[in-house]
Amino acid sequence: MARISKYEQNASFAPQPVVWNAGLYIRLSREDGDKLESESVSSQRAITEQFVSSHYGIKIYDYYIDDGWSGTDFERPEFKRMFDDITAKRINCVIVKDLSRFGRNYVEAGKYLEVVFPMLKVRFIAVNDIIDSIENPSSMNTMIVPIKNIMNDEYCRDISTKVRSSLDIRRRQGKFIGSFAAYGYKKDETDHNKLIIDEEAAAVVRRIFDLFIGGYSMISISRLLNEQGILNPSEYKKSKGYNYKHSHRTQDCRLWCDTTVRRILTNELYIGNLVQKKNEVVSYKVHVCKAVDKDKYIRVENTHEPIISKEDFNKVQSLLSRDTRVSPKNSRLSVFAGFLKCADCGRAMQKKTITQPYKKYDYYVCSTFRKLDKSKCTKHSIRSDILEETVLAVITKYIQIAVDFDKMIADINKRKSTDNRSSILFSAIDTQKAEIDTAKKMLLDLYPDYKAGILSLENYLALKEKYENQVAKGESYIVELQARVEQNARGVDDGNEFISRFKKHRGLSELSREVLVELVDNIYIHEGGAIEIHLKCRDEFLAATEYIYNNTLNKVSV
(Lines give C-alpha, C1' and ligand atoms only; values in the text may rest on other atoms or scores of the structure.)
Protein backbone atom coordinates (compact mmCIF):
# COMPACT_ATOMS: atom_id res chain seq x y z
CA MET A 1 0.00 0.00 0.00
CA ALA A 2 1.38 3.33 -1.01
CA ARG A 3 2.24 5.67 1.81
CA ILE A 4 0.23 8.91 1.99
CA SER A 5 2.23 12.00 2.67
CA LYS A 6 1.32 13.88 5.83
CA TYR A 7 0.98 16.97 3.67
CA GLU A 8 -1.63 15.37 1.47
CA GLN A 9 -5.17 15.83 2.74
CA ASN A 10 -7.35 12.73 2.93
CA ALA A 11 -10.57 13.47 1.12
CA SER A 12 -12.59 11.38 3.58
CA PHE A 13 -11.57 13.74 6.45
CA ALA A 14 -12.02 17.04 4.54
CA PRO A 15 -14.59 19.44 6.14
CA GLN A 16 -17.86 19.49 4.29
CA PRO A 17 -19.16 22.91 3.12
CA VAL A 18 -22.08 24.19 5.24
CA VAL A 19 -25.34 24.76 3.41
CA TRP A 20 -27.15 27.77 4.82
CA ASN A 21 -30.93 27.47 4.56
CA ALA A 22 -31.98 31.04 5.09
CA GLY A 23 -35.17 32.55 6.40
CA LEU A 24 -35.66 36.09 5.13
CA TYR A 25 -37.36 37.98 7.94
CA ILE A 26 -39.28 41.14 7.04
CA ARG A 27 -41.18 43.35 9.49
CA LEU A 28 -43.16 46.55 9.04
CA SER A 29 -45.31 48.60 11.44
CA ARG A 30 -46.83 52.08 11.62
CA GLU A 31 -44.22 53.13 14.17
CA ASP A 32 -41.54 52.60 11.52
CA GLY A 33 -43.08 55.00 9.04
CA ASP A 34 -44.83 52.74 6.55
CA LYS A 35 -45.04 55.55 3.98
CA LEU A 36 -41.26 55.48 3.49
CA GLU A 37 -40.19 53.36 0.53
CA SER A 38 -36.94 52.42 2.33
CA GLU A 39 -38.98 50.59 4.96
CA SER A 40 -41.53 48.94 2.66
CA VAL A 41 -41.97 45.19 2.47
CA SER A 42 -40.94 45.11 -1.17
CA SER A 43 -37.77 47.09 -0.43
CA GLN A 44 -36.75 44.76 2.40
CA ARG A 45 -37.42 41.74 0.20
CA ALA A 46 -35.28 43.14 -2.63
CA ILE A 47 -32.35 44.01 -0.33
CA THR A 48 -32.24 40.58 1.36
CA GLU A 49 -32.72 38.68 -1.92
CA GLN A 50 -29.89 40.63 -3.54
CA PHE A 51 -27.62 39.73 -0.64
CA VAL A 52 -28.42 36.01 -1.00
CA SER A 53 -27.81 36.08 -4.76
CA SER A 54 -24.35 37.59 -4.27
CA HIS A 55 -23.22 35.11 -1.60
CA TYR A 56 -22.37 31.52 -2.45
CA GLY A 57 -23.67 28.79 -0.13
CA ILE A 58 -26.88 30.52 0.98
CA LYS A 59 -30.26 29.50 -0.35
CA ILE A 60 -33.68 30.87 0.54
CA TYR A 61 -35.87 28.44 2.46
CA ASP A 62 -38.85 30.76 3.12
CA TYR A 63 -40.01 34.32 3.67
CA TYR A 64 -41.37 35.41 7.07
CA ILE A 65 -43.29 38.69 6.84
CA ASP A 66 -44.83 40.40 9.89
CA ASP A 67 -46.70 43.26 8.22
CA GLY A 68 -48.21 45.67 10.73
CA TRP A 69 -46.52 44.27 13.85
CA SER A 70 -44.55 46.29 16.39
CA GLY A 71 -40.92 45.46 17.06
CA THR A 72 -41.22 46.16 20.81
CA ASP A 73 -41.82 42.50 21.55
CA PHE A 74 -41.36 39.17 19.78
CA GLU A 75 -44.95 37.94 20.03
CA ARG A 76 -45.32 38.11 16.25
CA PRO A 77 -46.92 35.29 14.24
CA GLU A 78 -44.32 35.05 11.47
CA PHE A 79 -41.40 35.40 13.86
CA LYS A 80 -42.84 32.50 15.88
CA ARG A 81 -43.21 30.43 12.70
CA MET A 82 -39.61 31.19 11.78
CA PHE A 83 -38.40 30.17 15.23
CA ASP A 84 -40.34 26.91 14.95
CA ASP A 85 -38.48 26.22 11.68
CA ILE A 86 -35.20 27.01 13.44
CA THR A 87 -35.85 24.56 16.27
CA ALA A 88 -36.96 21.95 13.71
CA LYS A 89 -33.63 22.52 11.92
CA ARG A 90 -35.33 23.50 8.68
CA ILE A 91 -33.41 26.79 8.62
CA ASN A 92 -30.07 27.71 10.15
CA CYS A 93 -29.68 31.28 8.92
CA VAL A 94 -31.72 34.45 9.56
CA ILE A 95 -31.32 37.44 7.24
CA VAL A 96 -32.86 40.87 7.90
CA LYS A 97 -32.45 44.26 6.24
CA ASP A 98 -31.13 45.81 9.47
CA LEU A 99 -31.32 45.36 13.25
CA SER A 100 -34.44 47.51 13.60
CA ARG A 101 -36.37 45.05 11.37
CA PHE A 102 -35.39 42.20 13.68
CA GLY A 103 -36.71 43.99 16.78
CA ARG A 104 -36.75 47.21 18.76
CA ASN A 105 -36.63 45.68 22.24
CA TYR A 106 -33.05 46.02 23.47
CA VAL A 107 -33.27 43.22 26.07
CA GLU A 108 -35.11 40.67 23.90
CA ALA A 109 -33.08 41.36 20.75
CA GLY A 110 -29.84 40.96 22.72
CA LYS A 111 -31.05 37.64 24.16
CA TYR A 112 -31.66 36.17 20.69
CA LEU A 113 -28.44 37.52 19.13
CA GLU A 114 -26.08 36.76 22.02
CA VAL A 115 -27.56 33.58 23.55
CA VAL A 116 -30.31 31.82 21.59
CA PHE A 117 -28.91 31.95 18.03
CA PRO A 118 -25.32 30.99 18.99
CA MET A 119 -26.65 28.09 21.09
CA LEU A 120 -28.75 26.83 18.14
CA LYS A 121 -25.86 27.49 15.70
CA VAL A 122 -27.92 29.93 13.69
CA ARG A 123 -26.15 32.37 11.43
CA PHE A 124 -27.49 35.94 11.74
CA ILE A 125 -27.06 38.56 9.01
CA ALA A 126 -28.17 42.22 9.07
CA VAL A 127 -27.41 43.43 5.55
CA ASN A 128 -27.33 47.24 5.88
CA ASP A 129 -25.61 47.12 9.29
CA ILE A 130 -22.86 44.86 7.78
CA ILE A 131 -23.32 42.24 10.50
CA ASP A 132 -22.62 38.55 9.81
CA SER A 133 -22.07 36.19 12.73
CA ILE A 134 -20.15 33.62 10.61
CA GLU A 135 -18.16 35.47 7.96
CA ASN A 136 -17.42 38.41 10.25
CA PRO A 137 -17.80 37.27 13.88
CA SER A 138 -16.21 40.47 15.18
CA SER A 139 -19.20 42.41 13.81
CA MET A 140 -21.32 40.70 16.50
CA ASN A 141 -18.84 41.24 19.31
CA THR A 142 -18.39 45.00 19.13
CA MET A 143 -20.30 47.72 21.05
CA ILE A 144 -22.03 48.74 17.82
CA VAL A 145 -24.69 45.99 18.01
CA PRO A 146 -25.95 46.75 21.56
CA ILE A 147 -25.71 50.50 20.92
CA LYS A 148 -27.86 50.19 17.79
CA ASN A 149 -30.33 48.02 19.68
CA ILE A 150 -30.53 50.65 22.42
CA MET A 151 -31.10 53.36 19.81
CA ASN A 152 -33.87 51.30 18.19
CA ASP A 153 -35.44 50.74 21.63
CA GLU A 154 -35.23 54.46 22.45
CA TYR A 155 -36.87 55.33 19.15
CA CYS A 156 -39.92 53.26 20.14
CA ARG A 157 -40.05 54.82 23.60
CA ASP A 158 -39.96 58.32 22.12
CA ILE A 159 -42.65 57.50 19.53
CA SER A 160 -44.85 55.91 22.23
CA THR A 161 -44.61 59.01 24.44
CA LYS A 162 -45.50 61.31 21.56
CA VAL A 163 -48.44 59.14 20.44
CA ARG A 164 -49.88 58.94 23.97
CA SER A 165 -49.58 62.69 24.42
CA SER A 166 -51.24 63.33 21.06
CA LEU A 167 -54.12 60.98 21.84
CA ASP A 168 -54.71 62.61 25.25
CA ILE A 169 -54.88 66.06 23.63
CA ARG A 170 -57.49 64.83 21.16
CA ARG A 171 -59.48 63.19 23.95
CA ARG A 172 -59.51 66.46 25.93
CA GLN A 173 -60.79 68.19 22.81
CA GLY A 174 -63.84 65.91 22.95
CA LYS A 175 -62.81 63.79 19.97
CA PHE A 176 -63.68 60.10 19.95
CA ILE A 177 -60.57 57.90 19.94
CA GLY A 178 -61.46 54.31 19.26
CA SER A 179 -61.70 51.68 16.58
CA PHE A 180 -65.43 51.12 17.01
CA ALA A 181 -68.24 53.33 18.29
CA ALA A 182 -70.22 52.06 21.27
CA TYR A 183 -73.56 50.34 20.68
CA GLY A 184 -76.16 52.95 19.74
CA TYR A 185 -73.71 55.16 17.88
CA LYS A 186 -71.62 55.09 14.74
CA LYS A 187 -68.75 57.17 13.44
CA ASP A 188 -69.56 60.14 11.28
CA GLU A 189 -68.42 59.31 7.74
CA THR A 190 -67.03 62.84 7.29
CA ASP A 191 -65.27 62.94 10.69
CA HIS A 192 -64.31 59.64 12.33
CA ASN A 193 -63.60 61.41 15.64
CA LYS A 194 -67.28 62.37 15.93
CA LEU A 195 -70.18 60.13 16.96
CA ILE A 196 -73.67 60.20 15.49
CA ILE A 197 -76.72 58.20 16.55
CA ASP A 198 -77.35 54.80 14.98
CA GLU A 199 -81.15 54.83 15.22
CA GLU A 200 -81.61 51.07 14.92
CA ALA A 201 -79.37 50.32 17.92
CA ALA A 202 -80.39 53.50 19.78
CA ALA A 203 -83.99 52.27 19.89
CA VAL A 204 -82.80 49.18 21.79
CA VAL A 205 -80.77 51.34 24.20
CA ARG A 206 -83.84 53.49 24.95
CA ARG A 207 -85.91 50.37 25.51
CA ILE A 208 -83.36 48.96 27.97
CA PHE A 209 -83.51 52.16 30.05
CA ASP A 210 -87.33 52.22 29.94
CA LEU A 211 -87.59 48.58 30.99
CA PHE A 212 -85.18 49.04 33.88
CA ILE A 213 -87.00 52.14 35.16
CA GLY A 214 -90.24 50.22 34.77
CA GLY A 215 -89.05 47.52 37.19
CA TYR A 216 -87.41 44.88 35.01
CA SER A 217 -84.20 43.39 36.37
CA MET A 218 -81.08 43.24 34.22
CA ILE A 219 -81.39 39.47 33.87
CA SER A 220 -85.04 39.84 32.82
CA ILE A 221 -84.11 42.49 30.24
CA SER A 222 -81.39 40.29 28.72
CA ARG A 223 -83.77 37.33 28.64
CA LEU A 224 -86.46 39.42 26.92
CA LEU A 225 -84.04 40.71 24.26
CA ASN A 226 -82.83 37.18 23.55
CA GLU A 227 -86.38 35.85 23.26
CA GLN A 228 -87.19 38.55 20.71
CA GLY A 229 -84.10 37.73 18.64
CA ILE A 230 -82.42 41.12 19.06
CA LEU A 231 -78.70 40.91 18.28
CA ASN A 232 -76.34 41.79 21.11
CA PRO A 233 -73.81 44.61 20.51
CA SER A 234 -70.97 42.47 19.17
CA GLU A 235 -73.20 40.45 16.84
CA TYR A 236 -74.93 43.63 15.68
CA LYS A 237 -71.60 45.17 14.69
CA LYS A 238 -70.64 41.99 12.83
CA SER A 239 -73.98 42.08 10.99
CA LYS A 240 -73.04 45.57 9.80
CA GLY A 241 -69.78 44.26 8.34
CA TYR A 242 -67.40 45.36 11.11
CA ASN A 243 -64.48 43.08 12.01
CA TYR A 244 -65.35 43.57 15.66
CA LYS A 245 -63.87 41.73 18.65
CA HIS A 246 -64.42 42.53 22.31
CA SER A 247 -62.80 41.52 25.58
CA HIS A 248 -66.06 40.92 27.47
CA ARG A 249 -66.82 37.48 26.07
CA THR A 250 -69.43 35.21 27.56
CA GLN A 251 -69.88 31.48 26.98
CA ASP A 252 -72.23 32.24 24.12
CA CYS A 253 -71.23 35.61 22.71
CA ARG A 254 -74.31 35.70 20.48
CA LEU A 255 -76.64 36.29 23.43
CA TRP A 256 -77.38 39.25 25.65
CA CYS A 257 -76.30 38.91 29.27
CA ASP A 258 -76.89 41.00 32.38
CA THR A 259 -73.32 42.39 32.34
CA THR A 260 -73.89 43.80 28.85
CA VAL A 261 -77.12 45.43 30.03
CA ARG A 262 -75.32 46.90 33.08
CA ARG A 263 -72.56 48.39 30.90
CA ILE A 264 -75.20 50.14 28.81
CA LEU A 265 -77.11 51.40 31.86
CA THR A 266 -73.96 52.91 33.42
CA ASN A 267 -72.39 54.41 30.29
CA GLU A 268 -72.35 58.23 30.27
CA LEU A 269 -71.90 58.12 26.52
CA TYR A 270 -75.68 57.87 26.17
CA ILE A 271 -76.22 61.34 27.75
CA GLY A 272 -73.75 62.99 25.38
CA ASN A 273 -70.56 62.70 27.48
CA LEU A 274 -67.30 61.14 26.32
CA VAL A 275 -65.41 59.30 29.08
CA GLN A 276 -62.18 57.96 27.62
CA LYS A 277 -58.83 56.53 28.70
CA LYS A 278 -60.42 53.98 31.02
CA ASN A 279 -57.63 51.54 30.07
CA GLU A 280 -54.08 51.94 28.82
CA VAL A 281 -51.20 49.65 27.89
CA VAL A 282 -48.63 49.03 30.61
CA SER A 283 -45.77 50.34 28.45
CA TYR A 284 -44.52 50.44 24.89
CA LYS A 285 -42.85 47.07 25.54
CA VAL A 286 -45.65 45.37 27.49
CA HIS A 287 -48.75 45.33 25.26
CA VAL A 288 -51.17 44.46 28.06
CA CYS A 289 -54.00 46.79 29.04
CA LYS A 290 -54.51 47.85 32.64
CA ALA A 291 -57.40 49.74 34.23
CA VAL A 292 -56.86 53.44 34.89
CA ASP A 293 -57.98 55.08 38.15
CA LYS A 294 -61.31 56.89 37.76
CA ASP A 295 -59.79 60.25 38.72
CA LYS A 296 -57.53 59.96 35.65
CA TYR A 297 -60.34 59.34 33.15
CA ILE A 298 -60.63 62.02 30.47
CA ARG A 299 -64.23 63.21 30.63
CA VAL A 300 -65.74 65.80 28.28
CA GLU A 301 -69.44 66.71 28.44
CA ASN A 302 -71.86 67.41 25.59
CA THR A 303 -69.65 66.14 22.78
CA HIS A 304 -72.44 64.48 20.77
CA GLU A 305 -76.22 64.08 20.61
CA PRO A 306 -77.59 62.11 23.60
CA ILE A 307 -79.79 59.04 23.29
CA ILE A 308 -81.00 59.14 26.91
CA SER A 309 -82.07 62.21 28.90
CA LYS A 310 -79.94 63.11 31.93
CA GLU A 311 -83.05 62.79 34.09
CA ASP A 312 -83.62 59.15 33.07
CA PHE A 313 -79.92 58.36 33.35
CA ASN A 314 -79.81 59.73 36.91
CA LYS A 315 -82.92 57.72 37.78
CA VAL A 316 -81.18 54.55 36.64
CA GLN A 317 -77.99 55.32 38.61
CA SER A 318 -80.10 55.88 41.71
CA LEU A 319 -81.90 52.57 41.19
CA LEU A 320 -78.62 50.71 40.66
CA SER A 321 -77.41 51.90 44.07
CA ARG A 322 -80.47 50.43 45.81
CA ASP A 323 -80.87 46.95 47.25
CA THR A 324 -83.24 45.37 44.73
CA ARG A 325 -83.91 41.69 44.23
CA VAL A 326 -86.43 39.80 42.16
CA SER A 327 -87.60 36.22 42.40
CA PRO A 328 -86.42 33.99 39.52
CA LYS A 329 -90.12 33.28 38.85
CA ASN A 330 -90.83 36.98 38.25
CA SER A 331 -89.52 39.22 35.49
CA ARG A 332 -90.27 42.52 37.22
CA LEU A 333 -89.45 44.03 40.57
CA SER A 334 -92.25 44.91 42.98
CA VAL A 335 -93.33 48.57 43.13
CA PHE A 336 -91.44 49.25 46.38
CA ALA A 337 -88.28 47.19 45.73
CA GLY A 338 -85.24 49.19 46.83
CA PHE A 339 -87.30 52.02 48.38
CA LEU A 340 -88.46 50.47 51.67
CA LYS A 341 -86.17 50.63 54.71
CA CYS A 342 -86.50 49.83 58.38
CA ALA A 343 -86.66 53.12 60.30
CA ASP A 344 -84.52 51.73 63.13
CA CYS A 345 -81.75 49.57 61.61
CA GLY A 346 -81.84 51.10 58.11
CA ARG A 347 -81.82 47.77 56.30
CA ALA A 348 -84.15 46.91 53.44
CA MET A 349 -87.62 45.56 54.07
CA GLN A 350 -88.38 42.19 52.55
CA LYS A 351 -91.63 41.12 50.97
CA LYS A 352 -93.46 38.06 52.26
CA THR A 353 -96.67 36.48 50.99
CA ILE A 354 -99.28 34.87 53.24
CA THR A 355 -101.80 32.50 51.67
CA GLN A 356 -104.93 31.65 53.63
CA PRO A 357 -107.90 29.51 52.56
CA TYR A 358 -109.96 32.46 51.35
CA LYS A 359 -107.43 35.22 50.70
CA LYS A 360 -103.85 36.01 49.92
CA TYR A 361 -101.99 39.13 50.96
CA ASP A 362 -98.44 40.54 50.97
CA TYR A 363 -96.63 42.33 53.73
CA TYR A 364 -93.13 43.68 54.36
CA VAL A 365 -90.85 42.87 57.28
CA CYS A 366 -87.41 44.07 58.38
CA SER A 367 -84.67 41.91 56.82
CA THR A 368 -82.55 42.10 59.97
CA PHE A 369 -85.38 40.60 62.01
CA ARG A 370 -86.26 38.00 59.40
CA LYS A 371 -82.86 36.72 58.29
CA LEU A 372 -80.05 38.00 60.51
CA ASP A 373 -80.76 38.34 64.21
CA LYS A 374 -84.16 38.84 65.85
CA SER A 375 -82.44 40.40 68.86
CA LYS A 376 -80.96 43.20 66.72
CA CYS A 377 -84.27 44.62 65.46
CA THR A 378 -88.04 44.17 65.62
CA LYS A 379 -90.43 43.06 62.92
CA HIS A 380 -91.63 46.49 61.63
CA SER A 381 -94.25 44.69 59.51
CA ILE A 382 -96.77 46.47 57.33
CA ARG A 383 -99.29 45.19 54.83
CA SER A 384 -98.59 45.94 51.17
CA ASP A 385 -102.09 47.26 50.39
CA ILE A 386 -102.06 49.68 53.35
CA LEU A 387 -98.59 50.91 52.37
CA GLU A 388 -99.63 51.45 48.76
CA GLU A 389 -102.77 53.38 49.72
CA THR A 390 -100.82 55.63 52.10
CA VAL A 391 -98.02 56.42 49.66
CA LEU A 392 -100.50 57.10 46.87
CA ALA A 393 -102.44 59.49 49.13
CA VAL A 394 -99.29 61.42 50.09
CA ILE A 395 -98.03 61.68 46.51
CA THR A 396 -101.50 62.79 45.30
CA LYS A 397 -101.50 65.49 47.97
CA TYR A 398 -98.15 66.89 46.86
CA ILE A 399 -99.19 66.71 43.21
CA GLN A 400 -102.09 68.99 44.10
CA ILE A 401 -99.73 71.29 46.01
CA ALA A 402 -97.49 71.51 42.92
CA VAL A 403 -100.52 72.40 40.77
CA ASP A 404 -101.60 75.08 43.28
CA PHE A 405 -98.05 76.45 43.54
CA ASP A 406 -97.93 76.67 39.75
CA LYS A 407 -101.07 78.82 39.65
CA MET A 408 -99.98 81.03 42.56
CA ILE A 409 -96.55 81.68 41.07
CA ALA A 410 -98.07 82.48 37.69
CA ASP A 411 -100.29 85.09 39.41
CA ILE A 412 -97.30 86.51 41.31
CA ASN A 413 -95.20 86.80 38.16
CA LYS A 414 -98.08 88.44 36.33
CA ARG A 415 -98.55 90.95 39.14
CA LYS A 416 -94.83 91.67 39.23
CA SER A 417 -95.04 93.21 35.80
CA THR A 418 -97.13 96.07 37.29
CA ASP A 419 -95.60 96.52 40.77
CA ASN A 420 -92.57 98.62 41.68
CA ARG A 421 -90.35 95.86 43.14
CA SER A 422 -87.73 96.07 40.39
CA SER A 423 -87.65 99.87 40.50
CA ILE A 424 -86.91 99.74 44.24
CA LEU A 425 -84.06 97.31 43.63
CA PHE A 426 -82.61 99.52 40.87
CA SER A 427 -82.86 102.51 43.21
CA ALA A 428 -80.92 100.60 45.88
CA ILE A 429 -78.24 99.74 43.30
CA ASP A 430 -77.90 103.42 42.33
CA THR A 431 -77.55 104.37 46.01
CA GLN A 432 -74.79 101.83 46.51
CA LYS A 433 -72.94 103.07 43.42
CA ALA A 434 -73.06 106.63 44.75
CA GLU A 435 -71.67 105.52 48.12
CA ILE A 436 -68.87 103.64 46.38
CA ASP A 437 -67.93 106.71 44.33
CA THR A 438 -67.80 108.82 47.50
CA ALA A 439 -65.54 106.29 49.24
CA LYS A 440 -63.20 106.16 46.22
CA LYS A 441 -62.88 109.98 46.20
CA MET A 442 -62.02 109.94 49.89
CA LEU A 443 -59.32 107.36 49.17
CA LEU A 444 -57.80 109.64 46.53
CA ASP A 445 -57.60 112.55 49.01
CA LEU A 446 -56.02 110.56 51.85
CA TYR A 447 -52.47 110.27 50.53
CA PRO A 448 -52.00 114.01 49.68
CA ASP A 449 -53.30 114.87 53.17
CA TYR A 450 -50.82 112.42 54.69
CA LYS A 451 -47.91 113.86 52.67
CA ALA A 452 -48.98 117.41 53.65
CA GLY A 453 -48.89 116.47 57.35
CA ILE A 454 -52.62 116.88 57.85
CA LEU A 455 -52.96 113.15 58.72
CA SER A 456 -50.62 111.03 60.83
CA LEU A 457 -49.47 107.70 59.46
CA GLU A 458 -51.72 105.86 61.92
CA ASN A 459 -54.81 107.87 60.91
CA TYR A 460 -53.95 107.51 57.22
CA LEU A 461 -53.74 103.71 57.42
CA ALA A 462 -56.93 103.41 59.47
CA LEU A 463 -58.96 105.61 57.10
CA LYS A 464 -57.50 103.86 54.06
CA GLU A 465 -58.64 100.46 55.40
CA LYS A 466 -62.09 101.87 56.26
CA TYR A 467 -62.82 103.28 52.79
CA GLU A 468 -61.40 100.20 51.00
CA ASN A 469 -63.77 98.00 53.03
CA GLN A 470 -66.68 100.28 52.12
CA VAL A 471 -65.87 99.91 48.42
CA ALA A 472 -65.55 96.09 48.66
CA LYS A 473 -68.79 95.66 50.62
CA GLY A 474 -70.67 98.01 48.31
CA GLU A 475 -69.55 96.15 45.18
CA SER A 476 -70.52 92.81 46.75
CA TYR A 477 -73.96 94.14 47.68
CA ILE A 478 -74.53 95.42 44.13
CA VAL A 479 -73.88 91.88 42.81
CA GLU A 480 -76.47 90.55 45.27
CA LEU A 481 -79.05 93.20 44.28
CA GLN A 482 -78.52 92.50 40.57
CA ALA A 483 -79.15 88.77 41.23
CA ARG A 484 -82.44 89.74 42.91
CA VAL A 485 -83.40 91.80 39.89
CA GLU A 486 -82.77 88.82 37.60
CA GLN A 487 -84.76 86.50 39.88
CA ASN A 488 -87.56 89.05 40.05
CA ALA A 489 -87.75 89.15 36.27
CA ARG A 490 -87.49 85.39 35.89
CA GLY A 491 -89.74 84.04 38.65
CA VAL A 492 -89.30 80.73 40.48
CA ASP A 493 -91.36 78.52 38.18
CA ASP A 494 -88.69 78.57 35.49
CA GLY A 495 -86.98 75.27 36.21
CA ASN A 496 -88.41 74.58 39.69
CA GLU A 497 -87.99 70.82 39.74
CA PHE A 498 -90.62 70.16 42.42
CA ILE A 499 -93.37 71.82 40.39
CA SER A 500 -92.32 70.40 37.02
CA ARG A 501 -91.93 66.82 38.32
CA PHE A 502 -95.08 66.58 40.40
CA LYS A 503 -97.63 68.53 38.35
CA LYS A 504 -97.13 66.34 35.27
CA HIS A 505 -98.67 63.43 37.25
CA ARG A 506 -101.91 65.33 37.76
CA GLY A 507 -104.85 62.91 37.90
CA LEU A 508 -102.76 60.02 39.25
CA SER A 509 -105.05 57.18 40.34
CA GLU A 510 -102.69 54.21 40.63
CA LEU A 511 -99.22 53.89 42.09
CA SER A 512 -96.60 52.59 39.65
CA ARG A 513 -92.87 51.98 39.91
CA GLU A 514 -92.18 54.70 37.32
CA VAL A 515 -93.95 57.28 39.55
CA LEU A 516 -92.09 56.04 42.63
CA VAL A 517 -88.72 56.27 40.86
CA GLU A 518 -89.37 59.87 39.83
CA LEU A 519 -90.97 61.27 43.00
CA VAL A 520 -89.84 59.24 46.02
CA ASP A 521 -86.41 59.09 47.63
CA ASN A 522 -86.97 56.56 50.43
CA ILE A 523 -89.80 55.15 52.56
CA TYR A 524 -89.12 54.27 56.22
CA ILE A 525 -91.31 51.88 58.19
CA HIS A 526 -91.50 52.34 61.96
CA GLU A 527 -92.43 49.66 64.48
CA GLY A 528 -96.19 49.77 64.86
CA GLY A 529 -96.87 50.61 61.22
CA ALA A 530 -96.03 54.34 61.04
CA ILE A 531 -94.85 55.33 57.54
CA GLU A 532 -92.26 58.07 56.90
CA ILE A 533 -92.04 59.14 53.25
CA HIS A 534 -89.07 61.14 51.95
CA LEU A 535 -89.99 62.76 48.66
CA LYS A 536 -87.51 64.06 46.11
CA CYS A 537 -87.10 67.80 45.39
CA ARG A 538 -87.42 68.83 49.04
CA ASP A 539 -85.13 71.84 48.56
CA GLU A 540 -87.06 72.93 45.48
CA PHE A 541 -90.34 72.60 47.43
CA LEU A 542 -88.98 74.89 50.16
CA ALA A 543 -87.70 77.37 47.56
CA ALA A 544 -91.14 77.57 45.93
CA THR A 545 -92.80 77.96 49.35
CA GLU A 546 -90.43 80.77 50.32
CA TYR A 547 -90.93 82.53 47.00
CA ILE A 548 -94.70 82.48 47.36
CA TYR A 549 -94.51 83.65 50.99
CA ASN A 550 -92.13 86.53 50.28
CA ASN A 551 -94.09 87.74 47.28
CA THR A 552 -97.48 87.53 48.98
CA LEU A 553 -96.47 90.16 51.54
CA ASN A 554 -97.06 93.77 50.55
CA LYS A 555 -93.49 94.85 51.25
CA VAL A 556 -90.11 94.62 49.62
CA SER A 557 -86.93 94.13 51.60
CA VAL A 558 -83.68 95.26 50.09
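The values are calculated or read from the model by the stated rules, or taken from the named source; none is laboratory data. These numbers were taken from a predicted model, which means no experiment stands behind them. Virtual Cβ from ideal backbone geometry, glycine too; neighbours counted across all protein chains shown. Side chains included, ligands, DNA and RNA excluded: accessible areas come from the protein's heavy atoms. Shrake-Rupley method; radii C 1.70, N 1.55, O 1.52, S 1.80 Å.
What the table shows:
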| item | result |
| --- | --- |
| Cα gyration tensor shape of segment 151-276, rounded if a/c is under 1.5, else prolate or oblate by comparing a/b with b/c | prolate |
| Cut-off 11 Å between beta-carbons: net charge of the residues surrounding K433, Lys and Arg +1, Asp and Glu -1 | -3 |
| Long-range HN-HN contacts of I382 with modeled amide H, under 5 Å | Y364 |
| Solvent-accessible area, 1.4 Å probe, carbon plus sulfur percent, for the chain | 51 |
| Lys/Arg +1, Asp/Glu -1 at C-beta; the chain dipole; positive extreme among S367, L211, Y112 | S367 |
| Separation between Cα centres of segment 371-386 and segment 161-225, rounded to whole Å | 43 |
| Solvent exposure of the chain as accessible area per residue, Å², 1.4 Å probe | 59 |
| Amide proton proximity set for K194, modelled H, under 5 Å, gap of 5+ | F176, D188 |
| Long-range amide H partners of C93 with built H, under 5 Å | N21, G23, R123 |
| Point-charge dipole on Cβ atoms (K/R +1, D/E -1) for the chain, about Cα centre, debye to 20 | 1820 |
| Area projected by the alpha carbon convex hull of the chain, averaged over all directions, nm² | 56.4 |
| In order through segment 367-379: 3J(HN,Hα) via Karplus (6.51 cos²θ - 1.76 cosθ + 1.60), integer Hz, x for Gly, Pro | 5, 5, 5, 6, 10, 9, 8, 5, 7, 7, 7, 9, 5 |
| DSSP H segments from the chain that extend 27 Å or more along their own axis, Cα-based, with Kyte-Doolittle mean of -0.5 or above | 384-416, 421-451 |
| Top positive-direction residue, dipole computed over the chain with Cβ charges, set I478, S100, V335 | V335 |
| Listed residues I125, L446, T190: farthest to the positive end of the dipole of the chain (Cβ charges) | I125 |
| Proximal lysines to K351, defined as alpha-carbon separation beneath 16 angstrom and excluding residues fewer than eight positions away on the same chain | K329, K341, K360, K371, K379 |
| In Å², nearest 10: area of K440 left accessible to a 1.4 Å probe | 90 |
